[in-house]
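Since the structure comes first, as structure tokens, the remarks are kept for the end.
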Number of protein chains: 2
Amino acid sequence: MTHRSAPLRIHVFTDPDFRQSPAFAESRVAAALAAFPELAPRVTVEVSRDLATLEAALAEIEVLVVVGKLELVELAARAPKLAWIHITSAGVDRVPLDRLPPTVRVTNAKGNHDARAREFAMTALLMLNNQLPLFATQQREQRWAQTALAPIDGKTVVILGMGALGSAAARGARQLGLRVVGVSRAGREHDLADVSLPQSRLKEALAEADFLLITLPLTAETHHAVDASALDAMPERGGVINIGRGPVLDVAALAERLEDGRLGGAVLDVFPEEPLPASSPYWTTRNLIVTPHSGLYDADYAPRCLRAFFANVERYLAGEALENRVDPALGY
Amino acid sequence: MTHRSAPLRIHVFTDPDFRQSPAFAESRVAAALAAFPELAPRVTVEVSRDLATLEAALAEIEVLVVVGKLELVELAARAPKLAWIHITSAGVDRVPLDRLPPTVRVTNAKGNHDARAREFAMTALLMLNNQLPLFATQQREQRWAQTALAPIDGKTVVILGMGALGSAAARGARQLGLRVVGVSRAGREHDLADVSLPQSRLKEALAEADFLLITLPLTAETHHAVDASALDAMPERGGVINIGRGPVLDVAALAERLEDGRLGGAVLDVFPEEPLPASSPYWTTRNLIVTPHSGLYDADYAPRCLRAFFANVERYLAGEALENRVDPALGY
């Protein structure tokens, strides 16, 4: 490691309204750091849960870890030593990448959701294939009606977004015997996809999709990437899953097609507005299953995230390239 | 094949109220028979959907195929040539095995559900592990509350009943990385079970069960095989699946434990009373998912069932032992 005169100042800001913040409390951060004995003497780590404490430290912070929501633009302008912001989620859509000083590197928690993404993708795909959205609707209506089911093997899933989440989902889908069509920005070939297509050919891909599984992050380009016309490209009774970000999918257009039976079912873990308000029509949309942004949320998330972060701190101190660097131009 | 002077008289009775009866219509039976060209000249097959037609044929019927419900005791007594009754379901709990003439062999559709049982078991296990019963309950309450999830790999499922359905379910469970404890009448070792125990040790098995998956047929001995005390042997927040027969599980006792949070969730495909009446409390039981006896019901069921039946007819005419013989003493 390169020589530094003073310990690296790391500040972990934990949004008090964020569900995962307790998992990033001071004792938890210290426990994670204890696994890196060579690192401990070379860093100071402060954990705050209010803006006043963060403000007081701002002049000296070099690394800022953000757990939950934080308005970063003004803050960054007043943090002269800030060189690195780490976001503890995979999506960085709340981070104003284009308005941060260009010297500030941004990293995210990409890859930390892989095991969950694989298992939740399998769950949602099997639920769609086994008509659970229909059965849940019938249950709400207290109505018993049997339906014949078909095997999932040999069916086709289009996975939109073949990054870390999409790759993990593809692994699960293949384990179920599904044919995987991977759709990504560039359409580069992917080991886990039977066919790879660029996003410009999404509708063509969807024409043969039994299921569409969305994993895209939210960027300026992905808002309503799946709109009414994309949904209309799918075969009758197709199923839709979203484990990426809510605004990537036009949920209103999907709901309309579920209500009229044009599409067969959906499992949505994310929504444009979260938490979904009690007054939302989507709670009772026919053949729509709502899971509350939990599909990729596991109890071991924070410790695993902190381990990956401290491994990155070692790279930082050694002058090596950081893992999980967010590309400001791409937004992920 | 042995010589017979006249064609074998086969009669297929299709209960007009049974959902699958149209799939056993005359044209469907003829299509299945067409795959057995050597058999065609040696049998006559009649399909009826009313008791009068069946009655008229009774004196000559040697093989009776029953699709759905039929009162057999009186009928069998008036069918002097009847030698074989084939039931097109796996469960034969509606057949009064002990009151049929001892010369009448009974066969069932065991094994015909294997692929479905495997897939539906995987679906239900993943749903329990991913808190879908909880999320469905929250959806009914229009309430968004996130929950951290844990990986399914390494968890334990107790499969009660290690026959055809249980074996298929075990295959699916192992594919998900679950540890399988197989519980059967005799507790014989089973290739697909990590541990095999006799039913007398069910509670011991349940003490380490994250999930209990019931596949037992209904017999005099299996009524409420899973009762309140068995459920109380499970760890807190355990999950229950029933794909066997409804009365094997004390659903009232389960519902009580789901309501008070003692158990975590359930996916029930079968109920003591089916169809579940609109007035049933189980439609709205907390963390209980109702699927309408469809988990093992696939569109290809009838053709596959007929193929297996005609293959058995070849054995019958050759004087060989029939496959899927039901043991009247065991009831399956």
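Bear in mind these aren't lab numbers, they're just calculated from the coordinates by the rules spelled out. Remember, it's a predicted structure, so these values are computed and weren't measured experimentally. Neighbour counts are summed over all protein chains in view; Cβ atoms, including those assigned to glycine, are modelled from backbone coordinates with ideal geometry.
Things to note:
- Distances between equivalent label points of A:Arg315 across the copies, with each point positioned 7 Å along Cα→Cβ, amount to 6.1 nm, shortest listed first.
- Convex hull per residue volume in Å³, alpha carbons only, for the range A:114-199: 94
- Gyration tensor (alpha-carbon) shape descriptor, the range B:1-153, a/c threshold 1.5: prolate
- Projected onto its three principal axes, the C-alpha set of the range A:114-290 covers 47, 36, 30 Å, listed from the longest axis down.
- Near-label residues of the range A:1-40 by backbone N, under 20 Å of a point 7 Å along Cα→Cβ of A:Ala321: A:1-2
- Placing +1 on the Cβ of every Lys and Arg and -1 on the Cβ of every Asp and Glu, with nothing else charged, gives the range A:239-332 a dipole about its Cα centre of roughly 80 debye.
- When all alpha carbon pairs of the protein assembly as shown are counted in 10 Å bins from zero, the resulting P(r) reads 3, 14, 21, 21, 18, 11, 6, 4, 2, 1, 0 %.
- Counts of other chain beta carbons within 10 angstrom of each beta carbon in peptide B:169-178 average 1.
- Separation of the A:Glu74 and B:Ala311 label points, Cα + 7 Å toward Cβ, nm: 7.4
- Averaging 1/r over every pair of different alpha carbons in chain B and inverting the result gives a Kirkwood radius of 21.2 Å.
- Position A:Glu38: other-copy label points at 7.4 nm, ordered by increasing distance, label point 7 Å along Cα→C-beta.
- Between copies, the label points of B:Gln175, set 7 Å from Cα on the Cα→Cβ line, lie 1.1 nm apart, reported in increasing order to one decimal in nanometres.
- Among B:Leu254, B:Gly244, B:Met127 - extreme Cα towards positive end, dipole of the range B:114-290, charges at beta-carbon: B:Met127
- Taken over the C-alpha atoms, the range A:183-245 has Rg and Dmax values of 11.4, 30 angstrom.
- Separation of the alpha carbons by more than 23 angstrom is noted, of A:Lys69/B:Lys155; A:Lys69/A:Lys110; B:Lys110/B:Lys155, for A:Lys69/B:Lys155; B:Lys110/B:Lys155.
- Vicinal HN-Hα couplings computed from phi for the range A:270-286 (Karplus, 6.51 cos²θ - 1.76 cosθ + 1.60; Hz; Gly/Pro x): 9, 9, x, 10, 10, x, 4, x, 4, 7, 4, x, 6, 4, 10, 4, 4
- Comparing mean-square fluctuations of A:Gly246, A:Gly166, A:Gly261 from a GNM of chain A with C-alpha springs under 10 Å, the top value falls on A:Gly261.
- Share of pairwise Cα-Cα distances greater than 20 Å in the range B:192-332 is 56 percent (whole percent).
- Net charge dipole, chain B: roughly 460 debye, given to the nearest 20, about the Cα centre with Cβ charges of +1 for Lys and Arg and -1 for Asp and Glu.
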